[in-house]
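One structure is given below, encoded as structure tokens.
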Amino acid sequence: MTTTETKPNLIDLDLADCEALVAELGFKTFHGRNLFKWMHKHGVVDFDAMTDVPKTLRAALRERTQIRLPRIIQDHPSADGTTKWVMELDDGQRIETVYIPEGKRSTICVSSQVGCALNCAFCATAQQGFNRNLSVAEIIGQVWHAARQLDVPPTNVVMMGMGEPLANFDAVVKAMDIMQDDLAYMLAKHRVTLSTSGIVPNIYRLREVSDVSLAVSLHAPNDALRDTLVPINLKYPLAELMPACKAYVANDKRRKVTWEYIMLDGVNDSLMHAKQLIRLLEGVPSKVNLIPFNPFTGSDFGTSPADRIETFRQRLVRSGIFAMTRKTRGDEISAACGQLVGRVEDRTRRLGRILVEHGRMVAP
Ligand code: SAH
């Protein structure tokens, strides 16, 4: 008999996989469509409730497969409406997912890895270290739970939770495909955003297989400073990052790259930095999201004062760049940008640190 561990998890499958699976079991492919729709559109994970799936197929599925999702073990609501869910995975590690309502819009911030290996100087997730990539089921499972928890389905998903999504390329792309599927979560491509610290080769790969919106964690307008804040810059400096991002939006005149720029007091927030940023973004269709730094225990950075952030923003706007300041949401429950920690059994951080200290960065 197959054990629970080795049975394939149906939540890992996209629509084409579901169709292929039922065909393999000797049934018509449209039953695969129904199976997929039951799981994602209706949130049904009990085979017996899938009433239009033939009983014999249900029995075969029960015998050979399983339906497994992460479990919500904590629910932290915040006064501003933001909710953070802590989800436990089969190996006992924990990830965090954030729900951010804003008028008619509601955004789910989804994690892609258990921890993160990239060691950005200002990020709490980095301090947890890194354990492993999430599976497709663990990624789309976060959206599955969000859709069940809410009265109205989420309108937007951002891959901005724990982890570097482009370091878990295949699973993230497949999960984003499921988010966009009409039989699942029906999100339009411009309502799914992937944020990356800048894994350049995978920005080019993403362009081949997906057309989600791209956000890039820039945080500094020159290599010397970016090397210290976002160490992956040692491997993929700005001269490589900028053309990759430009290429990503080149096919569609309406598209822009969203640049995330954290405002760190006295570090990257002067008018000189604003001018360098303007020069750097020349010729790239851009919008800039200024993110006031969210403090966490053990961090040495401070948040830029509000008036300095506004001066910086105005300088960008005057040069024709669309720039806004991201509203801080969920900070009282440690759910704001860069505050997600989960529970991570660190495997690699010390190694990553040593290599960064020697001026090199290993690929994640
Ligand atoms: N690893 C991906 C996805 C994370 S997105 C990436 O780097 O893009 C989360 C965003 O919040 C990133 O832009 C990240 O740099 C930023 N961030 C990290 N720590 C932060 C903090 N303490 N305060 C504000 N923003 C932070």
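The values are calculated or read from the model by the stated rules, or taken from the named source; none is laboratory data. Not measured: the values here are computed from a predicted model. Cβ: placed from backbone, ideal geometry, glycine included. Neighbour counts: every protein chain shown. Areas reflect the complete protein model, heavy atoms only, side chains present, ligands, DNA and RNA absent. Shrake-Rupley method; radii C 1.70, N 1.55, O 1.52, S 1.80 Å.
For the chain, what is the accessible area per residue in Å² when the probe is 1.4 Å? Write down the numbers at each step before the final one.
Numbers: 16280 Å² over 364 residues.
It amounts to 45 Å² per residue over the chain.
Taking a point 7 angstrom from the Cα of Ala188 along the C-beta vector, which residues in the range 244-279 have backbone N less than 18 Å away?
Residues passing the 18 Å test: 252-258.
Taking the mean number of other Cβ atoms within 10 Å as a proxy for protection, how do you rank 41-49, 124-132, 263-271 from highest to lowest? Display every interim value, and only then the final one.
On the way: 41-49: 13.6, 124-132: 21.8, 263-271: 18.6.
Top to bottom by mean Cβ count within 10 Å: 124-132, 263-271, 41-49.
Assuming R0 = 45 Å, can you tell me the calculated FRET efficiency for the pair Glu208 and Met272, based on Cβ-Cβ distance, to the nearest 0.05? Can you show the working numbers first?
Working: r = 38 Å, r/R0 = 0.84.
About 0.75, to the nearest 0.05.
What part of the accessible area of the chain, given as a whole %, is carbon or sulfur when the probe is 1.4 angstrom? Provide the component values of the computation, followed by the final result.
Numbers: 8330 of 16280 Å².
Carbon and sulfur atoms account for 51 percent of the accessible area of the chain.
Taking the alpha-carbon distance from Lys55 and a cut-off under 16 Å, which lysines remain once sequence neighbours fewer than 8 residues away in the same chain are dropped?
Within reach: Lys28.
So what is the calculated 222 nm ellipticity per residue for the chain, using -39500 (n - 2.57) for each DSSP H run with n of 4 or more, over all residues, to the nearest 500 deg cm²/dmol?
Values: 12 runs with 124 residues, N = 364.
Result for the chain: -10000 deg cm²/dmol, rounded to the nearest 500.
Between Glu345 and Glu240, what FRET efficiency follows from the Cβ-Cβ distance if R0 is 35 Å, with the result rounded to 0.05?
Numbers: r = 33 Å, r/R0 = 0.94.
Once the sixth-power term is evaluated, E becomes 0.60.
Rounded to the nearest 10 degrees, what's the angle between the helix 55-64 long axis and the longest principal axis of the chain, both from Cα atoms, 0 to 90?
60
According to a simple spin-label model (label point 7 Å from Cα along Cα-to-Cβ), what is the distance in nm between Asp90 and Thr6?
1.3
Give the lysines whose C-alpha is closer than 21 Å to that of Lys104, dropping any in the same chain fewer than 8 places away, or say none.
Lys41, Lys84, Lys189, Lys327
Hey, got the Cα dimensions of the range 62-194 along the principal axes, in Å, largest first?
If we take the Cα atoms of the range 62-194, the spans are 45, 35, 29 Å.
Could you give the length gained by full extension between Arg71 and Glu102, i.e. 0.36 nm per residue of separation minus their alpha carbon distance, to one decimal place? Intermediate results must be reported in sequence, preceding the final value.
Values: separation 31, 0.36 × 31 = 11.16 nm, distance 2.56 nm.
Full-extension gain reported as 8.6 nm.
Of the peptides 79-92, 10-23, 163-176, how do they stack up when ordered by the mean number of other Cβ atoms within 10 Å, highest first?
Details: 79-92: 16.6, 10-23: 19.4, 163-176: 23.5.
Answer by packing, highest mean first, reads 163-176, 10-23, 79-92.
How large is the convex hull of the Cα atoms of the range 10-64 per residue, expressed in Å³ as a whole number?
Numbers: hull volume 3.8 nm³, N = 55.
It is 70 Å³ per residue.
For the range 10-64, what is the relative contact order in percent, using Cα pairs closer than 8 Å and at least 6 residues apart in sequence? It would help to have the intermediate numbers written out before the result.
Working: 41 pairs, mean separation 15.0, N = 55.
Answer for the range 10-64 is 27 percent.
Measuring from centroid to centroid over Cα atoms, what is the spacing of the range 116-130 and the range 269-337 in Å?
If you average the Cα positions of each part, the centres end up 20 Å apart.
What is the Cα radius of gyration of the chain over 2.2 N^0.38 Å, N being its residue count? If you can, show how the numbers build up before the last one.
Numbers: Rg = 21.2 Å, N = 364, 2.2 N^0.38 = 20.7 Å.
Rg over 2.2 N^0.38 Å, computed on Cα atoms: 1.02.
Starting from 0.36 nm per residue, how many nanometres of slack lie between Thr228 and Ala306 once their C-alpha separation is accounted for? Display every interim value, and only then the final one.
Values: separation 78, 0.36 × 78 = 28.08 nm, distance 2.39 nm.
Full-extension gain reported as 25.7 nm.
On a 0 to 90 degree scale, rounded to 10, what angle separates helix 238-249 from the longest Cα axis of the chain?
50
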